[in-house]
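Step one of this worksheet: look at the structure below.
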Amino acid sequence: MSVETSKQPGTAGTTSDELIRIEGVTKRFGDNTVLDGLGLTVQTGRHVTLIGPSGSGKTTILRLLMTLTKPDAGTITVDGQRLFPAPEKELREVRKQIGMVFQQFNLFPNMSVLRNITEAPVTVLGLPKEEAQARARELLDLVGLADKADARPTRLSGGQQQRVAIARALAMRPKVLLLDEVTSALDPELVAGVLDLLRDIARTTDITMLCVTHEMNFARDISDQVLMFDAGRVIEAGPPERIFGEPEHERTREFLGAVL
Ligand SMILES: Nc1ncnc2c1ncn2[C@@H]1O[C@H](COP(=O)(O)OP(=O)(O)OP(=O)(O)O)[C@@H](O)[C@H]1O
Ligand SMILES: [Mg+2]
């Protein structure tokens with residue numbers, strides 16, 4: 001199944017403002033076919049949420065987009081540029097447009113919060129250090145951690161670390177932000193703050209978002225489109241009101257019955 005995520009129904013199928021296109025992507029680990037001829041597109045500026053059972057391949061899709069793993073077949077393009085198949089040099093350029101926030105933060109423990117945020121803009125984008133630092137301080141302000149620039153990540157709470165990880169991803173000014181269950185490693189009382197921050201970012205920036213989440217209320221709030229994913233394919237897609245309110249697929253009903 002191929003899924004278009006467009007603002008207006010009439011524009012589905014056009015390619016003008018398409019940011020991500022995944023076509024016929026298959027990914028196997030040994031005999032385990034995790035993605036099975038997957039097709040989906042994400043239009044620029046849209047907020048798309050992937051939901052589905054554990055082990056269904058949601059993280060694998062994000063890892064493919066981050067080029068942390070490669071598909072066995074199919075094509076992936078971002079903003080019209082090839083991500084797969086593509087020569088390493090071309091791929092590095094495309095990868096700069098994609099930011100990812102992981103479940104486990106993955107901050108650099110031996111660097112200050114500020115340096116965590118400036119490192120990639122300086123080394124990958126070649127931004128002058130002062131400019132990267134000014135930008136990092138603005139982002140720390142945005143995520144509510146202006147006073148933590150010089151702290152080590154290990155001295156921060158999980159929620160604060162995740163805010164730094166979000167600032168770090170945004171510092172690269174990516175066109176698309178990939179979010180993989182960014183609150184599932186947090187203590188329950190810290191979840192709401194991080195989700196509120198992401199809601200703010202979704203509302204106030206034009207960044208395209210592709211989120212994997214088990215937070216169904218969050219998915220309902222921020223998504224233009226929800227994709228229900230199972231056994232390597234998108235089995236159902238639609239606006240959140242429809243997917244949560246009137247799921248068509250039996251598997252979606254079962255899944256939502258278990259998580260809501
Ligand atoms: N590096 C790997 N080596 C072998 N198998 C892997 C690897 N990464 C993922 N898999 C397998 O691929 C399948 C999909 O994994 P994936 O992490 O994408 O699922 P998920 O939908 O993100 O699940 P969850 O909701 O639990 O995070 C699983 O069966 C998993 O065991
Ligand atoms: Mg996962």
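Only the coordinates and a few stated rules stand behind these numbers; no lab work does. It should be emphasised that the depicted structure is a prediction, and the values quoted were computed from it without experimental measurement. We place every Cβ from the backbone using ideal geometry, glycine too, and count neighbours over all the protein chains shown.
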Taking helices (runs of 4 or more DSSP H) that fall entirely within segment 159-260, which contain at least 2 residues that are out of contact with any His (no Cβ under 9 Å at 6 or more places or on another chain), within 19 Å of Asn116 (Cβ to Cβ) and in contact (Cβ under 8 Å) with a residue 12 or more places away in the chain? 188-204
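Please specify each residue of segment 125-145 satisfying the condition of being part of a loop (DSSP other than H, G, I, E, B) and not β-branched (Val, Ile, Thr).
Just the residues of segment 125-145 that are part of a loop (DSSP other than H, G, I, E, B), to begin with: 125-128, 143-145.
Once the filter is applied, which keeps residues that are part of a loop (DSSP other than H, G, I, E, B) and not β-branched (Val, Ile, Thr), segment 125-145 yields Leu125, Gly126, Leu127, Pro128, Gly144, Leu145.
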What's the number of the condition Thr208 fails, among (1) surrounded by 14 or more Cβ atoms within 10 Å (Cβ to Cβ); (2) at positive phi? (2)
When (1) under 26 Å from Thr59 (Cα atoms); (2) more than 16 Å from ligand 1 (Cβ to nearest atom); (3) in contact (Cβ under 8 Å) with a residue 40 or more places away in the chain are applied to Ser112, the one that fails is (1)
Quick count over segment 214-260, residues being farther than 27 Å from Asp31 by Cα and hydroxyl-bearing (Ser, Thr, Tyr), is 1
What number goes with the only condition from (1) within 11 Å of ligand 1 (Cβ to nearest atom); (2) of a type in the set (D, E, K, R); (3) in contact with a Leu (Cβ under 6 Å, 6 or more places away or on another chain) that Asp79 does not pass? (1)
